[in-house]
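Working notes for the structure below.
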Amino acid sequence: MEIKKIQKQTKKLFEEIFKVLAPPPDLKLSEWADKYRILSPEASAEPGKWRTSRVPHQKEIMDAITDVDIKKVVVKSAAQIGKTDAMILNTIGYYIHYEPSPIMVLQPTIQMSETFSKDRLSPMIRDTEVIAERINDKTRNSGNTILQKIFPGGHVTMVGANSPSSLASRPIRILLADEIDRYPATAGNEGDPLLLASKRTTTFWNKKEVNVSTPTIKGISRIEVEYENSSKGEWNVPCPICGELQPLKWANVIFDKEDLSEIRYTCEYCGVISSEVEWKEHFAKGCFIHENPENQIKGYHLNTLGSTLATWEDVVSKFIKANDEAKKGNIELLKSWTNTELGETWEEDGEQVDDDALYKRRERYNCEVPQEVLYLTAGVDTQDDRFEIEVVGWGPDYESWGIQYTAIYGDLTQEQVWNELDIFLSQTFTRADGAKMKIICTCVDSGGHFSNQVYKFCKARFNRRVFAIKGSNDSAAAYIQKPTKNNREQAYLFTLGVDTGKSLLLQRLKVEEEGPGYCHFPKEESKSYNESYFVSLTSERQVLRYKKGRPLFVWELKDKGIHKRNEALDCRNYATAAIEITGLPLKKDEPKEKTITTHTRKRRVRGGML
């Protein structure tokens, strides 16, 4: 009897041991989330138990992340599809609870990593019981910090792509790279941060990498490159009438700009127009269709139209606002809308302006300065044997008028030519109403052989806002940077992001309707806006180039063999910088603006443009 009792106890003991040591049953990420994940009130409009059925577009993506045969998952998408919760936080929770591993979360900056930890990760740890049991996030004595959470069998480390030290060698099994299009080209001098982080996973046979981002500009978008080398899955939903699966395309959306109460969509196959509600009732039957299904790198793309987390009215209203701004010359909102709502890259390679079209649209002012002009600025390009100068008039919302373009020839080592420049910049211009106007700010190029002479000239005229400028070598530099006095004459020197300024000018030259951002040019011969001026103004184009393996947009001469002169472009760039430096308002709420707006509007109506 005693022996049987011992055998029974031994059997029970081994059963308990095997139960503990047995591998966990197969559980997909979506199943884990449905069973354990709790959405926190700080981070969700609908806190409580996670339900994958509410976000059918996320299911396949989540399950691919925990598929042992898939090493890499790429998600190129719109902003409002729940990427952070589904693909970052759920993945962290799964591996903490189910397969403890060293995990790295790579954000664009360290500051964003801290924000992610405080606002998203810590609430999930607190509210999801199976994670809270494994991470003591309440006291400092636990060894946990804002950027690292330790648990039995692993850790979650949050790092910034802008910090080479945070990407230092440490083995990780799970790499979660968020918003990769916002990473810097290089982490210090160490190289591409995404590549550096990927190398940390090489020691694990069962490694996993997840790259997630809304795309940016075509040709330099990291997520675009990753997606193009993947299986290229596109989210498809069935037509509520014929049932044919199809991706939802912006071109098929139908709406009334004046009434967004009902937005509809046309089926690609049967042509029947159905409402948003009718389409979304069938989203649960949607699926990803992969262009290269055999590719082991699984890629996914979807836009906001296919998401259950946003309304079509929101998408359309944002488009209307962005499109209205684009008509005024500000395309930034439309770029952002394309990236964040459609989940597509913005194409702008090789942009240029036609000089002949600008020449043909010249107009007669019949005065020295048109009535709409509020301020005058000047840009001076310094050459070895001359100054080239443009005076530009500025009206509301950066509508501009070319006032005069001229050149002053002479020996720049002699005082006489500098005196002639001073006389020109000191002159008074007469507006149509008889008002006398002075140039309120001038930018003088100091980047050539006469830097010290420029500094000396500008310092003596500081009270007239005559400033020395030089161009930045950084193509992505801010347009106007804080001035310094680090020169022999201790004159104020502004460093300009000249490429940024050229991009801004390119946008404005493309505006075809008079009003905000539009550029006027005079026909009067005395003002020197001839064919040569417009060839020089449009002498460069924006092209895509690669520097140290990274793509970037730069400005190059269109035809280096024929049109080598770009002084007019530089002068207009400097005159534009001058109005920015003044900080003067150019808004429609100014008292004088009412008259200007009314005058301009009447002129447009007569021209048949409204």
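The values are calculated or read from the model by the stated rules, or taken from the named source; none is laboratory data. Bear in mind that the values here come from a model prediction, so they are computed numbers and not experimental data. Quick reminder, even Gly has a Cβ in these numbers, built from the backbone with ideal geometry, and neighbours come from all protein chains shown. We work out accessible area using only protein heavy atoms, side chains counted, and drop any ligands, DNA or RNA first. Shrake-Rupley method; radii C 1.70, N 1.55, O 1.52, S 1.80 Å.
Filtering region 213-230 for residues that are over 21 Å from Leu195 (Cα atoms) and in contact with a helix residue (DSSP H, G or I) (Cβ under 6 Å, 6 or more places away or on another chain) leaves an empty set.
Just one residue in the set Glu224, Glu209, Glu234 is within 15 Å of the chain's Cα centre (by Cα) and not hydroxyl-bearing (Ser, Thr, Tyr); that residue is Glu224. For residues that are more than 18 Å from Thr308 (Cα to Cα) and of a type outside the set (S, T, N, Q), scanning just region 231-252, find the one that is surrounded by the fewest Cβ atoms within 10 Å (Cβ to Cβ). Here the residue is Ala251. The conditions of being modelled with pLDDT of 85 or more and open to solvent by 30 Å² or more (accessible area, probe 1.4 Å) are not met by Leu493.
Condition test on Thr442, is it closer than 22 Å to Asn487 by Cα, in contact with a helix residue (DSSP H, G or I) (Cβ under 7 Å, 6 or more places away or on another chain) and assigned to a strand (DSSP E or B)? In short, yes.
So which of Ser451, Ser472 is polar (S, T, N, Q) and modelled with pLDDT of 85 or more? From the options Ser451, Ser472, the qualifying one is Ser451.
Scanning region 153-183 for residues that are open to solvent by 40 Å² or more (accessible area, probe 1.4 Å), part of a loop (DSSP other than H, G, I, E, B) and free of Cβ contacts under 8 Å to residues at least 60 places away in the same chain yields Gly153, Asn162, Pro164, Ala168, Ser169. Of all residues in region 485-499, those that are more than 19 Å from Ala578 (Cβ to Cβ) have Cβ atoms under 6 Å from Cβ atoms of residues that are open to solvent by 90 Å² or more (accessible area, probe 1.4 Å), 6 or more apart or on another chain, in Glu489/Lys456; Glu489/Lys459.
The residue that is surrounded by the most Cβ atoms within 10 Å (Cβ to Cβ), counting only those in region 496-533 that are in a loop (DSSP other than H, G, I, E, B) and basic (Lys, Arg), is Lys510. Of note, Thr484 does not satisfy the criterion of being of a type in the set (Val, Ile, Thr) and either within 19 Å of Gly379 (Cβ to Cβ) or open to solvent by less than 20 Å² (accessible area, probe 1.4 Å) (or both). All conditions in (1) over 26 Å from Ala64 (Cβ atoms); (2) in contact (Cβ under 8 Å) with a residue 60 or more places away in the chain; (3) buried (at least 17 other Cβ atoms within 10 Å of the Cβ) hold for Phe288, with the sole exception of (1). Here the strands (runs of 3 or more DSSP E) wholly within region 250-368 that include at least 1 residues being within 21 Å of Thr216 (Cα to Cα) are 297-302. Summed over region 387-409, residues that are of a type in the set (A, V, I, L, M, F, W, C) and surrounded by 23 or more Cβ atoms within 10 Å (Cβ to Cβ) total 6. The residues of region 82-129 that are aromatic (Phe, Trp, Tyr) and buried (at least 22 other Cβ atoms within 10 Å of the Cβ), listed by number, are Tyr94, Tyr95. Answer yes or no as to whether Val605 is among the aliphatic types (A, V, I, L, M), open to solvent by 10 Å² or more (accessible area, probe 1.4 Å), part of a helix (DSSP H, G or I) and at pLDDT 85 or above. When the stated conditions are applied, Val605 does not pass them.
Can you name the residue in region 237-289 that is farther than 24 Å from Thr338 by Cβ and of a type in the set (Gly, Ala, Ser) and is also modelled with the lowest pLDDT among such residues? The selected residue is Ser261. Just one of the listed residues (Ile88, Ile103, Ile92) is modelled with pLDDT of 95 or more, assigned to a helix (DSSP H, G or I), closer than 16 Å to Ile146 by Cβ and not charged (D, E, K, R), and it is Ile92. Of all residues in region 165-217, those that are of a type in the set (Phe, Trp, Tyr) and either over 24 Å from His301 (Cα atoms) or out of contact with any Lys or Arg (no Cβ under 8 Å at 6 or more places or on another chain) (or both) total 2. Trp312 satisfies every condition listed in (1) in contact (Cβ under 8 Å) with a residue 60 or more places away in the chain; (2) of a type outside the set (Ser, Thr, Tyr); (3) crowded, with 21+ Cβ neighbours inside 10 Å except (1). Across region 13-23, a minimum of one residue is classified as over 28 Å from Gly343 (Cβ atoms) and either at pLDDT 95 or above or part of a loop (DSSP other than H, G, I, E, B) (or both). Total residues in region 57-81 satisfying the condition of being open to solvent by 20 Å² or more (accessible area, probe 1.4 Å) and not acidic (Asp, Glu): the figure is 7. Taking the criterion of being in a helix (DSSP H, G or I) and open to solvent by 50 Å² or more (accessible area, probe 1.4 Å), the residues of region 445-474 that qualify are Asn452, Gln453, Lys456, Lys459, Phe462, Asn463, Arg464.
For region 277-302, the candidate set comprises residues that are charged (D, E, K, R) and over 29 Å from the mean Cα position of the chain (by Cα); within that set, the residue that is nearest to Ala78 (Cα to Cα) is Lys280.
Residues in region 68-92 that are of a type in the set (D, E, K, R) and either without any contact (Cβ under 8 Å) to a residue 24 or more places away in the chain or closer than 28 Å to Ser336 by Cβ (or both): Lys72, Lys76, Lys83, Asp85.
I need a count of the residues in region 147-180 that are in contact with a Gly (Cβ under 6 Å, 6 or more places away or on another chain) and β-branched (Val, Ile, Thr). The qualifying residues number 1. Do we find that Thr430 is surrounded by fewer than 21 Cβ atoms within 10 Å (Cβ to Cβ) and either at pLDDT 95 or above or farther than 19 Å from Ala577 by Cβ (or both) in this structure? Yes.
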